Amino acid sequence: MDNCIFCKIVRGEIPSTKIYEDDNVLAFKDLHPVSPVHVLIIPKIHFANLHVMSASEEGLKALGEIYRALPEIVRLVGLEEKGFRLINNCGASAGQSVMHTHFHLIGGRSLGTRIL
Ligand code: AMP
Ligand code: ZN
């Protein structure tokens, strides 16, 4: 996708602070962190959102690759023992602002017991 900012990050056309990369998955620091650790985990292939992604075999495979990478990403940011929250905003009501599926990995402080 030519104009997608996360595809541009995958292609190296926009700088990012990479935390983890493999053939299918990229994790990099969020530009506007909400917690001491705030990393975005994305598939390298473009899917507009999680709903679209999980409706195709290719998307389900890419989701599996993200979950396969998750333990290593969590280890790299030092949240193995402390724990973390993994968030996906899907669509307008959820406030999704970048239309390339991404998971927010946040932690490094107490996040409370409520989601909102
Ligand atoms: P969402 O609201 O779930 O779509 O989240 C989009 C996230 O992408 C926000 O937390 C932004 O801070 C983050 N973001 C947008 N552009 C960049 C960028 N170039 N590098 C890193 N994070 C970004
Ligand atoms: Zn994209």
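Couple of notes before you dig in:
- The label point for H32 and the one for E81, both projected 7 Å from the Cα toward the Cβ, are 3.4 nm apart.
- Charge sum, other residues only, whose C-beta stays under 15 Å from R68's C-beta, Lys/Arg counted +1 and Asp/Glu -1: -2
- Sulfur and carbon atoms: percent of accessible area, the chain [1.4 Å]: 55 percent
- Normalised per residue, the accessible area of the stretch 1-114 is 58 Å², obtained with a 1.4 Å probe and no contribution from ligands, DNA or RNA.
- Per-residue SASA entry for L31, accessible area with 1.4 Å probe, Å² rounded to 10: 150 Å²
- Net charge, H100 excluded, C-beta distance under 11 Å - Lys, Arg +1, Asp, Glu -1: +2
- Dipole magnitude of the chain, debye to nearest 20 (Cβ charges: Lys/Arg +1, Asp/Glu -1, about Cα centre): 420 debye
- Relative to one another, the C-alpha centroids of the stretch 83-103 and the stretch 8-64 are positioned 11 Å apart.
- Estimated distance in nm for a label pair at D2 and L60, the labels positioned 7 Å out from Cα along Cα-to-Cβ: 3.4 nm
- The Cα-based radius of gyration and maximum Cα-Cα distance (Dmax) for the chain are 13.7, 40 Å.
- Using the Cβ of K44 as centre and a radius below 13 Å, the other residues enclosed give a net charge of -1, where K and R count +1 and D and E count -1.
The values are calculated or read from the model by the stated rules, or taken from the named source; none is laboratory data. What you see is a predicted model, and the numbers here were worked out from it, not measured in a lab. In this analysis, Cβ positions are derived from the backbone assuming ideal geometry, glycine residues included, and neighbour counts consider all displayed protein chains. Surface areas here come from the heavy atoms of the whole protein model, side chains and all, with no ligands, DNA or RNA. Shrake-Rupley method; radii C 1.70, N 1.55, O 1.52, S 1.80 Å.
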